[in-house]
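One structure is given here, and the rest of the page talks about it.
Read-outs: derived from the displayed coordinates by stated rules, not from any lab. This is a predicted model, so every value here is computed, not measured. Please note: Cβ atoms are built from the backbone with ideal geometry, for glycine as well, and neighbour counts cover all protein chains shown.
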Amino acid sequence: MAIARERDNKYKIIVKEPIELTFSDDKEKDIIQTTQEYTKVLESVIREYPSQWLWMHDRWKSKPN
């Protein structure tokens, strides 16, 4: 879900299809697959409204050495 500002100070609520979670014997693979699906949806909204992208959570807390 996302919100985009449109002209005349109107807002558009964007709701995408739910992401299907994968549950298998390989938990690490499931996490990677779900994260990739989430990122793909997020990227599609950012590409549609690039000037409105804002991320307030420190998603990448650790930095590579």
Contact order relative to length for the chain, counting C-alpha pairs under 8 Å separated by 6 or more residues, stands in percent at 23 percent
Whole-number value, in Å³ per residue, for the convex hull of the alpha carbons of the chain is 114 Å³
1/(1 + (r/R0)^6) with r = Cβ-Cβ of M56 and D25, R0 = 35 Å, i.e. FRET efficiency to nearest 0.05, evaluates to 0.45
Neighbour-count ranking for L42, L21, L54 (other C-beta within 10 angstrom, fewest to most) reads L54, L21, L42
Subtracting the Cα-Cα distance of E48 and Q36 from 0.36 nm times their residue separation yields 2.5 nm
